[in-house]
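The values are calculated or read from the model by the stated rules, or taken from the named source; none is laboratory data. This is a predicted model, so every value here is computed, not measured. Note that each Cβ is placed from the backbone with ideal geometry, even for glycine, and that neighbours are counted across all protein chains shown. In case anyone asks, the SASA skips ligands and DNA or RNA and just uses the protein heavy atoms, side chains included. Shrake-Rupley method; radii C 1.70, N 1.55, O 1.52, S 1.80 Å.
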Amino acid sequence: MDIRVAGIVKDYDGTAALRGVSLDIRTGELVALLGPSGSGKTTLLRVIAGLEIPSEGHVLFGGEDATGLSVQQRRVGFVFQHYALFRHMSVFDNVAYGLNVRRRAERPARDAIRRRVLDLLDLVQLSGLENRYPAQLSGGQRQRVALARALAVEPRVLLLDEPFGALDAKVRRELRRWLRDIHDRTGHTTVFVTHDQDEALELADRVAILNDGRLEQIGTADEVYDHPASPFVMSFVGDTARLPVEVREGRVLLGGTALDIEVAAADAGGGALYLRPTDVVLTNGDCSGLAGRVTSLRRTANGRRAEVRLDAGGNVLEVEVPTQRPLQVGDRIGLHILKARLFPA
Ligand code: ADP
Ligand code: MG
């Protein structure tokens, strides 16, 4: 089921939570809504679900206007950060719940429900735990039960609001891969809310980046990482340094020093250069261009990060350096910029 979100505005008594958000989600796609706390992710998910009525705009399911439809009519499945499993019910009864409460005419036969629940528990790798109670499960297992419960009613759309948010980092990473695998097998159109950029970029087909109630960009991990549409996106999806620069006659000037990079003439004027730690490399001792002093060093998974205070303008920059390169705090170094993004002021 494809979803179209068209011009959604949502006000809570004068506070704008969404300021005109439009996006299309394709059938079978897994889209992550990514943004800082308060950017409107949960509100957008609740509007898609039908739990919140937008002040303006429409939500379409499969081309049909769903704005007036209830949660049940939309047939959405939910999982929230704070798993709301029924504590007094077994795992089996939790998963069966949505089917058991159906009206008699729509309720599957007992045997069919039993088969469906056991199939789902197999899918979420919890076979054999059907008689346990939520208190006898780990956090990760509870979230898997919550997902099985959401899938039981054969939803047209699956909505997940920071489902792994309360779990520790290792379990989160495992569940991420597991969720991607389940998605690939079941093919549900899925919207996944997270504030964790690694989670979004690793899990989703496309990432929608929200900031202050607006959609900044929607694209694949490569698109948002390599072609950020705005300074916000550039800074949000990775470590980024910002250098205020001036552009004159096609040259980029940092504190009066011309940098060895090219920019389009149209970008003339003031602006800011955005660099990632891997966009800059150390020269072989040549300090005649961009240069500075190492102010701190720390180890990363793949190398080391040097924090460098530049001579020009006194700006601080993080640079990824190979471990074999001898380097100490206080060393003077020359830098070469491989790649940078210029955004107008
Ligand atoms: P996120 O999920 O990205 O953290 P939310 O969608 O929860 O963001 O919130 C977006 C904005 O709307 C925030 O400023 C929040 O304070 C406000 N907001 C959310 N829900 C309500 C509500 N029920 N009443 C009033 N303001 C709300
Ligand atoms: Mg939220």
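Here are a few things to note about the model shown:
- Theoretical FRET efficiency, 1/(1+(r/R0)^6), r = Cβ-Cβ of SER138 and ASP11, R0 45 Å, to 0.05: 0.65
- Backbone amide hydrogens, once placed in the peptide plane, bring GLN217 within less than 5 Å of ILE209, excluding anything fewer than 5 places away on its chain.
- PHE343 paired with ARG173, simple spin-label distance in nm, labels 7 Å along Cα-to-beta-carbon: 2.9 nm
- log₁₀ of I(q)/I(0) at q = 0.09, 0.20 Å⁻¹ - the stretch 241-344, Debye sum with one point per alpha carbon: -0.22, -0.97
- For GLY20, neighbours were defined as the other residues whose beta-carbon sits under 13 Å from its Cβ, and their charges (Lys and Arg +1, Asp and Glu -1) total -1.
- Relative contact order (%) - criterion: Cα under 8 Å, at least six apart; region: the stretch 6-52: 28 percent
- With the convex hull of its Cα atoms as the shape, the stretch 170-260 has an orientation-averaged projected area of 8.4 nm².
- Highest average packing first - 188-195, 85-92, Cβ atoms within 10 Å: 188-195, 85-92
- Per-residue HN-Hα couplings for the stretch 298-308 [Karplus 6.51, -1.76, 1.60; θ = phi - 60°; Hz; x = Gly/Pro]: 8, 7, 10, 4, 9, x, 9, 10, 9, 8, 10
- Under 5 Å between amide hydrogens, built in the peptide plane, is the criterion, and for SER55 it picks out VAL9, LYS10, ASP11 among residues at least 5 positions away or on other chains.
- On a per residue basis, the stretch 229-345 carries 53 Å² of accessible surface, using protein heavy atoms and a 1.4 Å probe.
- Gaussian network model of the chain, springs between alpha carbon atoms under 10 Å - residue of TYR274, TYR133, TYR12 with greatest fluctuation: TYR12
- Spatial separation of Cα centroids for the stretch 47-95 and the stretch 275-345, in angstrom: 48 Å
- Protection proxy ranking of 321-328, 44-51, 17-24 - average other beta-carbon atoms within 10 Å, highest first: 44-51, 17-24, 321-328
- Computed extension length for GLU223-ASN100: 39.9 nm, one decimal, from 0.36 nm per residue of separation with the Cα-Cα distance subtracted.
- Amide H contacts under 5 Å for VAL193, placed H, 5+ residues apart: LEU33, LEU160, ASP161, GLU162
- Helix content alone sets the calculated 222 nm mean residue ellipticity of the chain: runs of n ≥ 4 DSSP H residues at -39500 (n - 2.57) each, divided across all residues, give -7500 deg cm²/dmol.
- Surface composition of the chain: carbon and sulfur make up 46 percent of the accessible area, probe 1.4 Å.
- Multiplying the residue separation of ASN302 and GLU202 by 0.36 nm and removing their Cα-Cα distance gives an extension gain of 34.2 nm.
- Mean accessible surface per residue for the stretch 43-151, computed with a 1.4 Å probe while every protein chain stays in place, in Å²: 55 Å²
- For q = 0.07, 0.13, 0.14 Å⁻¹, Debye-computed log10 I/I(0) when each Cα of the chain counts as one equal scatterer: -0.41, -1.01, -1.10
- Given R0 = 35 Å, the distance between the Cβ atoms of ARG26 and GLU262 translates into a calculated FRET efficiency of 0.40.
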